[in-house]
């Protein structure tokens, strides 16, 4: 039992998400292998972070788990059921927020409940609870374009949590925010996670963000994307960015990443 | 009435004055030039205004002409909107359909609507059917194209988000694709009503059996050398087009895509 350095196999079937021999290729003219031999298990209530240089396929992996893309080979299981298409057992938070501009904050959040035919009054009550949780009470009737980036992503998080998905998938959710807002959002996300105890899969290329949030960090290689190593972040929460132990973990991950970042820079010719 | 509504009325009033000012300037110079004899054969604004009052109130002519035109416009444009949005939606959703119709559509869109009228006169006769079909053709292509474009350009994340929230094809269409396409569809509808209006005036002139209609009014004035009536007709056509564009379609845009921040305030 336990995990070897490549990650990964949990021999029981208790894991929430189970990925086996996953491969994804794209063919636009020539065939590009985005992901290769991905094996990983994510536990229930775990905060898992996928970390890697840009172009390593971490977002692709998340899109596969969401069901937006189909695997070329291999399987992804959620609660032992193979994932075939997007569904409401997974919530998704987008880097570009993906809020509906024609819906108010409240109606953005009720969207998932409307799809489940929740009675209107109940949907509004539930939505208000989550709007409050992300600290946006008072903004129920605002349209998204009037909100700041940080506020938009709060709506995005409330909207993805309100219909109680099993897993929350977050694709660089704070990537479009300024540094201050980003730090603040990380704190709030941790709070929310403590309250809801969802299984979270969080994609980022920020090492600090990964160490701050993760139970485990899956470090990925560049092109083709594979899991290079798994780093346990066994630190009490809330974590302190300047704590020695925090910096040690960060160092460890940076070492794993270094050669990969170089490789990805070479490949893109930047 | 509270402060904000007062402010709003004041702002709108200012905007209206701003809008009308150039017209006042043109009218004043026009009047002066005609009065001192610099412009001949063109009636002065004052004469036109009196003529306008006469046909509006004394003989009720104008109302009958306008009624006939608006009735045709509503039917033709309504059909264009229904079928245009229908075809545009299919083309936006199904790639095979868009590949099949796109080349044809881009060819047809390049034909001025008035060029259809001779064909329609022969196939559909000299009456209302021809005029209404011309109005339909004027609006249809622009509406179909803008609907397709609107649906195709809905942000992929918005569609993906709906799918993770348990949306099926039907709710995806009504809650995401359709409202998402408005940013292109509404300006398309606005453009189309202008095209339809132009097609209407042209077709009314050419359809011999049509007796009433604002286009017919101008065309018939030719037989009596009635230049005043022609000018009054031209101005009314312009005004009606302006009202349709600014007041009707502009207001719809203001309350939807502009309010939602999908386009800049304009």
Would you say residue B:172 is in a helix (DSSP H, G or I), over 15 Å from the mean Cα position of the chain (by Cα) and either surrounded by fewer than 24 Cβ atoms within 10 Å (Cβ to Cβ) or within 14 Å of chain A (Cβ to nearest Cβ) (or both)? yes
Across region A:143-164, the tally of residues that are more than 11 Å from chain B (Cβ to nearest Cβ) and without any contact (Cβ under 8 Å) to a residue 40 or more places away in the chain stands at 5
Among the candidates A:189, A:168, single out the residue that is part of a strand (DSSP E or B), closer than 28 Å to residue A:124 by Cβ and in contact with a strand residue (DSSP E or B) (Cβ under 9 Å, 6 or more places away or on another chain). A:168
Residues in region A:102-109: is at least one at pLDDT 90 or above, more than 14 Å from chain B (Cβ to nearest Cβ) and part of a strand (DSSP E or B)? no
Identify, by number, the condition in (1) surrounded by fewer than 18 Cβ atoms within 10 Å (Cβ to Cβ); (2) over 30 Å from residue B:259 (Cβ atoms); (3) without any contact (Cβ under 8 Å) to a residue 60 or more places away in the chain that residue A:83 doesn't meet. (1)
Among residues of region B:206-230, those that are without any contact (Cβ under 8 Å) to a residue 40 or more places away in the chain and buried (at least 21 other Cβ atoms within 10 Å of the Cβ), counted: 1
Of the residues in region B:102-118, those that are assigned to a helix (DSSP H, G or I) and either surrounded by 12 or more Cβ atoms within 10 Å (Cβ to Cβ) or in contact with a helix residue (DSSP H, G or I) (Cβ under 7 Å, 6 or more places away or on another chain) (or both) come to B:102, B:105, B:108, B:113, B:114, B:116, B:117
Tell me, which residue of region B:152-169 that is outside any helix (DSSP H, G or I) and surrounded by fewer than 22 Cβ atoms within 10 Å (Cβ to Cβ) is nearest to the other protein chains (Cβ to nearest Cβ)? B:166
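The values are calculated or read from the model by the stated rules, or taken from the named source; none is laboratory data. Bear in mind the structure is a predicted one, so any value in this text is a computation, not a measurement. So basically every Cβ, Gly included, is an ideal-geometry build from the backbone, and we count neighbours across all protein chains shown.
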